[in-house]
1. Can you put 27, 97 in order, fewest other beta carbons within 10 Å first?
2. Sort the following peptides by mean Cβ neighbour count (other Cβ atoms within 10 Å, averaged over residues), highest first: 48-60, 32-44.
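Since every read-out is calculated from the coordinates, none of them should be taken as a lab result. Model, not experiment: these values are computed from the prediction. Here the Cβ positions follow ideal geometry from the backbone for every residue, glycine too, while neighbour counts run over all protein chains shown.
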C-alpha cells in the first residue's frame, strides 16, 4: 500500500516545499528558502483524459481531451533538485495577478516539455 500523502490547498504549496517528508528543512544552493517563482524552472506537458463514449457497446468512440500540467524543478543546497507539480498553483497565481485572460496560464509563454525563460 502506498504511503499516505498529505493534501492541502494549492495556495499553501510555497510553504509546503520548504520541508522534506522527514520534516528537515529544504534550502536553495545559497542557503535561502526556496521561492517557486524565483528559484525553480517551469516545465509543462500535456496529458490526455480519455473516456469511452458508450461503455459496453462494441466499437464505440473514445473521446480524449488534453489536460495541461505544470511543474517546477528546483535546485537544492546539496546540488540535487526536487520537482513539484504546480498546475493549480500556477493558475491560482495567474488569477491573483489578474492574468485570467491567458488560457494557457499565468502570463508567460509555455513551451511543451521544455524549460521556459524567466
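1. Fewest-to-most ranking of 27, 97: 97, 27.
2. Highest mean packing first, the order is 32-44, 48-60.
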